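The structure under discussion appears below in the form of structure tokens.
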Amino acid sequence: MTVQRTEEASEDYRGIDAWSSADVLAAIVASQRRAVAAVEAAVPALAAAGEAIADRLRLGGRLIYAGAGSSGLLAQVDALELPGTYGIPADRVPVLLAGGQAALFTIPGDAEDDGDQAERDVEALRPSAADALVAISASGRTPYAVAALRRAAALGALTVGIACNAGTPLLEEADHAVLLATPPEVVAGSTRMNAGTAQKCALNMLSTLIGIRLGHVHDGLMVNLHADNDKLRRRALGIVARAAGVSEEAAAAALEAGAGNVKTAILLCAGAGSPREARDLLERRGGTVRAALAELAALTELAAKSSKAG
């Protein structure tokens, strides 16, 4: 039987248990660099998947993650960040984790083999063509992840498979296949390492692209963040000041007038006459700050010309 790349024991690490601690750690760092480099080849696939997912979220659909073990936990971490970072409601990014929420504390070994449970978990969410499901598995064969992807596809959802072995069911059956061809692990089969690093990198890329395409990033700033603590309120203040080119005092006043909404505050600083006008501009422009600012500038210029003509 052919050994999968993620299970391969590399000759590079023969005798590692007798190496110095510094040499062990240096080998791990070098291996991790190769894992991140492996993600570069997946950029076209990730770009296509991100665009397709953003299209569905823009129209009210959901981004559903499914995975087991380390892969599922990485998906859970990514999903938890999206409400605060990009203002995407938590119910729009559900996570199906083998073993359920208990797996956040203790990973049950046999839960990843339960494809029937994966099907039930997917069915409970009642996905449709409006939704996208991203299934993640280092091996590409994990029964829970594969069954979740298959059931979601049968119900009409867009499917994305992320795996580290080519020619596996998760990639062959997905609408968008993302192969992360990571090198063999320093500790054979310990896919929380190279495979996990590459998966985390890919998820960061995918969700960040989605946030950008949804209009939640402007000039590298998270303009749709949910500021629910002191750190994020300070961040929101800095974002408005920088994006609008105004003082922090002016930014604070705009945030207060705009009920804490960063996008609204930026447009108020740019000359929108009221929070309602700012919100209307954003709605017409799909929530994209750059497009709303362009329309506001055009309207301001038109008003100035009309005033002169009058």
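Laboratory data are not the source of any read-out in this text; all were calculated from the coordinates shown. None of the values given here were measured: they were computed from a predicted structure. Here Cβ is always computed from backbone atoms with ideal geometry, including for glycine, and neighbour counts include all displayed protein chains.
In the elastic network of the chain, a GNM with C-alpha springs shorter than 10 Å, the most mobile of Ser31, Ser247, Ser139 is Ser247. The stretch 1-42 and the stretch 200-273 have their alpha-carbon centroids 40 Å apart. Considering only Ile136, Ile28, Ile162, the Gaussian network model of the chain with Cα springs below 10 Å gives its largest mean-square fluctuation to Ile28.
Note on the stretch 217-309: Cα-only Rg and Dmax are 13.2, 49 Å. Net charge dipole, the chain: roughly 1260 debye, given to the nearest 20, about the Cα centre with Cβ charges of +1 for Lys and Arg and -1 for Asp and Glu. Cross-link reach is defined here as a Cα-Cα straight distance under 17 Å, omitting same-chain residues fewer than 8 places apart; for Lys305 the aspartates and glutamates meeting it are Glu295. Our compactness index for the chain, the C-alpha radius of gyration over the empirical 2.2 N^0.38 Å, is 1.18. In this structure the amide hydrogen of Val186, modeled in the peptide plane, comes within under 5 Å of the amide hydrogens of Asn194, none closer than 5 places in sequence on its chain.
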